[in-house]
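A.B. asks: One structure is given below, represented as structure tokens, and several questions about it will come after.
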Amino acid sequence: MVRRLAAAALACALAACSTSDARPAPNDTIAARAAAELSARADSAAVAAGRRAPNEQGRVPILEYHLVGDTEGRWSRHRDRFRRDLEILYERGYRPVSAAELVDGEIPLDAGYSPVVFTFDDASPSHFRYVEREGRLEVDSTSVVGIWLDFARTHPGWRNKAVFCMLPGATHGHAFFGDKGIAGQKTEWRFAKLRFLAEQGFELCDHTLWHANLAKYSDAVVQEQIARGVMAIDSAVPGYRVRTFALPLGVWPKNRALAREGSWRDPRTGRVVSYKFDAILEVAGGANVSPSDPAFDPHSLDRIQVYGDALEQALERLDRTGTRYVSGGGAARPDSGSRLSAIGSRQTAP
Ligand SMILES: [Zn+2]
């Protein structure tokens, strides 16, 4: 009897059934319950959003993560804290946008919601790990991408718009999320990971070849470091337009213009690889000004390093000071003719 009750309780836990009903629910009931929960979550988020007054002159937090794993520290977020970061942001009405969307001034969020840009630097396996099961590759549910996709499945409106700022040739596994067996990652999985990210809607961002301190090098080496980052992404996802660059260590090259635009000739093939970025990420500075603010500089975007309570404090400050960007809805929607024509005319301007 005791054993039977324990088995029923376990079945109940697995099926997420209520304590008043110890029998496992049929699959269609479970699916209906999950759908009802999703719908209730979306409804309550919409109600909260409806209470927020639009403020499209407000600031936008651009979050900066490095390692995400078993420890919490200056350069590492514990994965439980990371999950909580997503929850906190979701509850407060933030929804992800990419860096490219931000600099285009396209914030495709409904009225009352606020944009947040997630950036993940250095392409460690902690961001994206595969596990091999019976010959099939699965995203490790404890890596950033796994946590993110699980979260998106259960939180309506959570968009796959994180930005991965990658190194194709750094050591210790920081080469497109791991190679040479580091953290169980195989070298031949690297391009598949980039393609997966692009297909899912995430943004691929350059962070140089191996994280060079660009102030220390000649103009030629600066361009080689940056161009080889772009070239490697293009090798994985042919034709991908890399629009965002994250400065390693937040350090500018002596010739600042080369962070934005340059070219390098591959001596092996004779091919010239050029780059021209629409967005450049700094390593610190706090929440960034709105794209509508005259002070907005897409080639110097401030970020918030997420460690300790930095995220909570930044969000509190934005609310307390009334400086949080809140979407006005229609004006920024893709189906808005007026906004689209405004963007179009800006793109064609000299
Ligand atoms: Zn870095």
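The values are calculated or read from the model by the stated rules, or taken from the named source; none is laboratory data. As the structure is a computational prediction, the values presented were derived from the model and not from experiment. Neighbour counts run over all protein chains shown; Cβ positions are idealised from the backbone, glycine included.
A.B. asks: Is at least one residue of the stretch 57-65 farther than 26 Å from residue 176 by Cβ, over 22 Å from the mean Cα position of the chain (by Cα) and at pLDDT 85 or above?
C.D. replies: yes
A.B. asks: OK, next. So which strands (runs of 3 or more DSSP E) stay within the stretch 223-304 end to end and still have 2 or more residues that are of a type in the set (Val, Ile, Thr)?
C.D. replies: Of the strands (runs of 3 or more DSSP E) lying wholly inside the stretch 223-304, those with at least 2 residues that are of a type in the set (Val, Ile, Thr) span 272-276, 279-285.
A.B. asks: Just one of 80, 110 is out of contact with any helix residue (DSSP H, G or I) (no Cβ under 9 Å at 6 or more places or on another chain) and away from the ligand (no atom under 16 Å from the Cβ); which is it?
C.D. replies: 80
A.B. asks: For the stretch 276-318, which residues satisfy the criterion of being touching a residue at least 60 places away in the same chain (Cβ under 8 Å) and more than 20 Å from residue 119 (Cα to Cα)?
C.D. replies: 292, 293
A.B. asks: Can you tell me which residue in the stretch 48-67 is surrounded by the fewest Cβ atoms within 10 Å (Cβ to Cβ), limited to those that are hydrophobic (A, V, I, L, M, F, W, C) and closer than 22 Å to residue 288 by Cβ?
C.D. replies: Of the stretch 48-67, the ones hydrophobic (A, V, I, L, M, F, W, C) are 48-49, 53, 60, 62-63, 67.
If we keep only those that are closer than 22 Å to residue 288 by Cβ too, we end up with 49, 53, 60, 62-63.
Numbers: 49: 20, 53: 9, 60: 24, 62: 25, 63: 24.
Ranking the candidates gives 53 first.
A.B. asks: Then there's this: State whether the residues of the stretch 146-161 include one that is within 16 Å of the ligand (Cβ to nearest atom) and under 18 Å from residue 79 (Cα atoms).
C.D. replies: The answer is no; no qualifying residue exists.
A.B. asks: Hey, another quick one. Could you list, in sequence order, the residues of the stretch 176-198 that are under 18 Å from the mean Cα position of the chain (by Cα) and within 16 Å of the ligand (Cβ to nearest atom)?
C.D. replies: Scanning the stretch 176-198 gives 176, 177.
A.B. asks: For the condition farther than 29 Å from residue 324 by Cβ and either away from the ligand (no atom under 16 Å from the Cβ) or under 26 Å from the mean Cα position of the chain (by Cα) (or both), what is the one hit in 279, 287, 257?
C.D. replies: Within the list 279, 287, 257, the selection yields 257.
A.B. asks: Return yes or no: is residue 102 away from the ligand (no atom under 16 Å from the Cβ), aliphatic (A, V, I, L, M) and surrounded by fewer than 24 Cβ atoms within 10 Å (Cβ to Cβ)?
C.D. replies: No.
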